[in-house]
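Undergrad: Take a look at the following structure, please.
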Amino acid sequence: MMKSGKHGPEQIVRLLQDADRLLVEGLPVAEVARQLGVVQQTYYRWRNQSGGLKAEDAKELKRLKVENGHVGAVSGGSRSGAGCFEGVG
(Lines give C-alpha, C1' and ligand atoms only; values in the text may rest on other atoms or scores of the structure.)
Protein backbone atom coordinates (compact mmCIF):
# COMPACT_ATOMS: atom_id res chain seq x y z
CA MET A 1 0.00 0.00 0.00
CA MET A 2 1.26 3.48 -0.81
CA LYS A 3 2.02 5.76 2.07
CA SER A 4 -0.22 8.76 2.46
CA GLY A 5 1.35 12.03 1.36
CA LYS A 6 1.60 15.15 3.43
CA HIS A 7 -0.75 17.04 1.11
CA GLY A 8 -4.50 16.44 1.18
CA PRO A 9 -6.63 16.49 -1.96
CA GLU A 10 -7.94 20.00 -1.31
CA GLN A 11 -4.44 21.33 -0.73
CA ILE A 12 -3.18 19.67 -3.93
CA VAL A 13 -5.94 21.33 -5.96
CA ARG A 14 -5.02 24.72 -4.50
CA LEU A 15 -1.32 24.16 -5.17
CA LEU A 16 -2.13 23.23 -8.77
CA GLN A 17 -4.11 26.46 -9.12
CA ASP A 18 -1.04 28.35 -7.84
CA ALA A 19 1.07 26.39 -10.33
CA ASP A 20 -1.21 27.44 -13.19
CA ARG A 21 -0.79 31.07 -12.21
CA LEU A 22 3.01 30.72 -12.07
CA LEU A 23 3.12 28.92 -15.43
CA VAL A 24 1.09 31.72 -17.04
CA GLU A 25 3.70 34.15 -15.70
CA GLY A 26 6.26 32.24 -17.77
CA LEU A 27 8.08 30.23 -15.11
CA PRO A 28 9.39 26.80 -16.17
CA VAL A 29 7.83 23.71 -14.61
CA ALA A 30 11.02 22.97 -12.64
CA GLU A 31 10.81 26.37 -10.93
CA VAL A 32 7.08 26.04 -10.31
CA ALA A 33 7.57 22.63 -8.68
CA ARG A 34 10.37 24.04 -6.53
CA GLN A 35 8.13 26.88 -5.37
CA LEU A 36 5.39 24.38 -4.51
CA GLY A 37 7.92 22.40 -2.48
CA VAL A 38 7.70 19.22 -4.57
CA VAL A 39 9.72 17.50 -7.26
CA GLN A 40 8.62 17.64 -10.91
CA GLN A 41 7.49 14.01 -10.81
CA THR A 42 5.06 14.81 -7.99
CA TYR A 43 3.77 17.88 -9.85
CA TYR A 44 3.07 15.82 -12.99
CA ARG A 45 1.46 13.00 -10.97
CA TRP A 46 -0.84 15.52 -9.25
CA ARG A 47 -1.68 17.08 -12.61
CA ASN A 48 -2.58 13.67 -14.09
CA GLN A 49 -4.59 12.58 -11.06
CA SER A 50 -6.49 15.81 -10.54
CA GLY A 51 -7.90 16.04 -14.05
CA GLY A 52 -9.15 19.57 -13.43
CA LEU A 53 -10.78 18.98 -10.04
CA LYS A 54 -11.83 21.92 -7.94
CA ALA A 55 -11.20 21.87 -4.16
CA GLU A 56 -14.84 21.02 -3.41
CA ASP A 57 -14.74 18.14 -5.92
CA ALA A 58 -11.59 16.77 -4.28
CA LYS A 59 -13.28 16.81 -0.86
CA GLU A 60 -16.30 14.96 -2.23
CA LEU A 61 -14.11 12.39 -4.00
CA LYS A 62 -12.19 11.74 -0.79
CA ARG A 63 -15.44 11.37 1.18
CA LEU A 64 -16.82 8.91 -1.37
CA LYS A 65 -13.64 6.82 -1.33
CA VAL A 66 -13.81 6.57 2.47
CA GLU A 67 -17.51 5.70 2.31
CA ASN A 68 -16.84 3.09 -0.37
CA GLY A 69 -14.17 1.52 1.83
CA HIS A 70 -16.66 1.21 4.68
CA VAL A 71 -19.20 -0.47 2.39
CA GLY A 72 -16.57 -3.00 1.29
CA ALA A 73 -15.70 -3.79 4.90
CA VAL A 74 -19.36 -4.28 5.85
CA SER A 75 -20.14 -6.51 2.88
CA GLY A 76 -17.12 -8.70 3.46
CA GLY A 77 -15.08 -7.09 0.71
CA SER A 78 -16.66 -9.06 -2.11
CA ARG A 79 -16.85 -6.88 -5.21
CA SER A 80 -18.00 -9.50 -7.70
CA GLY A 81 -21.42 -10.08 -6.23
CA ALA A 82 -21.05 -13.76 -7.02
CA GLY A 83 -23.04 -15.84 -4.65
CA CYS A 84 -25.22 -12.97 -3.52
CA PHE A 85 -28.29 -14.51 -5.07
CA GLU A 86 -27.56 -18.19 -4.58
CA GLY A 87 -30.71 -20.08 -3.81
CA VAL A 88 -32.92 -17.23 -5.01
CA GLY A 89 -35.41 -17.98 -7.72
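The values are calculated or read from the model by the stated rules, or taken from the named source; none is laboratory data. All values derive from a computational prediction rather than experimental measurement. In this analysis, Cβ positions are derived from the backbone assuming ideal geometry, glycine residues included, and neighbour counts consider all displayed protein chains.
Undergrad: Which members of segment 6-51 meet the condition of being closer than 26 Å to residue 63 by Cα, of a type in the set (Gly, Ala, Ser) and in contact with a helix residue (DSSP H, G or I) (Cβ under 8 Å, 6 or more places away or on another chain)?
TA: Of everything in segment 6-51, those that are closer than 26 Å to residue 63 by Cα, of a type in the set (Gly, Ala, Ser) and in contact with a helix residue (DSSP H, G or I) (Cβ under 8 Å, 6 or more places away or on another chain) turn out to be 8, 19, 50.
Undergrad: Looking only at segment 18-33, filter to residues that are surrounded by 12 or more Cβ atoms within 10 Å (Cβ to Cβ) and not acidic (Asp, Glu); which one of those is nearest to residue 47 (Cα to Cα)?
TA: Once the filter is applied, the top-ranked residue is 19.
Undergrad: Okay, moving on. Please find, within segment 32-89, the residue that is nearest to residue 9 (Cα to Cα) out of those that are part of a loop (DSSP other than H, G, I, E, B) and at pLDDT 75 or above.
TA: So the first thing to find is which residues in segment 32-89 are part of a loop (DSSP other than H, G, I, E, B), and the list is 37-39, 51-54, 75-89.
Now restrict to residues that are at pLDDT 75 or above: 37-39, 51.
Working: 37: 16, 38: 15, 39: 17, 51: 12 Å.
Among residues in segment 32-89 that are part of a loop (DSSP other than H, G, I, E, B) and at pLDDT 75 or above, the one nearest to residue 9 (Cα to Cα) is 51.
Undergrad: Right, here's the next one. Could you check segment 12-50 and list, in sequence order, the residues that are touching a residue at least 40 places away in the same chain (Cβ under 8 Å) and β-branched (Val, Ile, Thr)? Even if it seems obvious, please write down each step before you answer.
TA: Initial filter on segment 12-50 (touching a residue at least 40 places away in the same chain (Cβ under 8 Å)): 12-14.
Selection gives 12, 13.
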